[in-house]
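Peer 1: Sharing a structure, written as structure tokens. Questions coming.
Read-outs: derived from the displayed coordinates by stated rules, not from any lab. Predicted, not measured: the structure shown is a model, and the values here were computed from it. In this analysis, Cβ positions are derived from the backbone assuming ideal geometry, glycine residues included, and neighbour counts consider all displayed protein chains.
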Amino acid sequence: MGRNVEQWLDSNENDEWSCMMRKVAAFHHKHDFASKNGHDMGYRIALTVEELGELAAAITKGKPIEECAEEMADILILLMGHSLAMEIDLKAAFESKYERIMKRSAITGRLGIRVTEYQN
């Protein structure tokens, strides 16, 4: 089980992930996301799609790499916020998923390489 905003704010771990999560929790606390529909996952997914579109536009329009990095940071912050909203331990989920994907084979399709359990 993950932590909510208050639990992250009260935590004192100093590893990089925990420091990042506390920053995202501080952002959620500052703007009171929990009581202003900011933790509604339908709304949050719509924001994520919007941010993915901004990243795609930055890449396809050849924007400076700094702009692409900023759009990626927006997506990362949103995903970390999703884990707050749903009280998911995102780091544990990452570690578990990483172990699984490292065991997968890669396939090359028309558009490039995929590492997936999907079989042709």
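Peer 1: Give me the three principal axis extents of the chain from the C-alpha atoms, as integers in angstrom, largest value leading.
Peer 2: For the chain, the Cα extents along the three principal axes come out at 47, 35, 28 Å.
Peer 1: Please arrange F27, F94 by how many other C-beta atoms lie within 10 Å of their C-beta, fewest to most.
Peer 2: By the 10 Å Cβ count, ascending, the order reads F94, F27.
Peer 1: In nm, give the distance between the simple-model label positions of L47 and I65, each being 7 Å from the Cα along the Cα-to-Cβ direction.
Peer 2: About 2.9 nm, to one decimal.
Peer 1: Run down the lysines and flag those whose C-alpha is under 29 Å from the C-alpha of K103, throwing out any fewer than 8 positions away in its chain.
Peer 2: K103 reaches K91.
Peer 1: Then there is this: For the chain, which longest stretch is free of loop sites, where a loop site is one of the GluC sites (Glu not before Pro) that DSSP puts outside H, G, I, E and B and that has at most 14 other Cβ atoms within 10 Å?
Peer 2: In short, 14-86.
Peer 1: Name the residue farthest towards the positive end of the dipole of the chain from the options I88, H28, N14, assuming +1 on Cβ of Lys and Arg, -1 on Cβ of Asp and Glu, about the Cα centre.
Peer 2: I88
Peer 1: Go through segment 89-100 residue by residue and turn each phi into a ³J(HN,Hα) via Karplus (6.51, -1.76, 1.60, θ = phi - 60°); whole Hz please, and just put x for glycine and proline.
Peer 2: 7, 5, 5, 5, 5, 4, 4, 5, 5, 4, 4, 5
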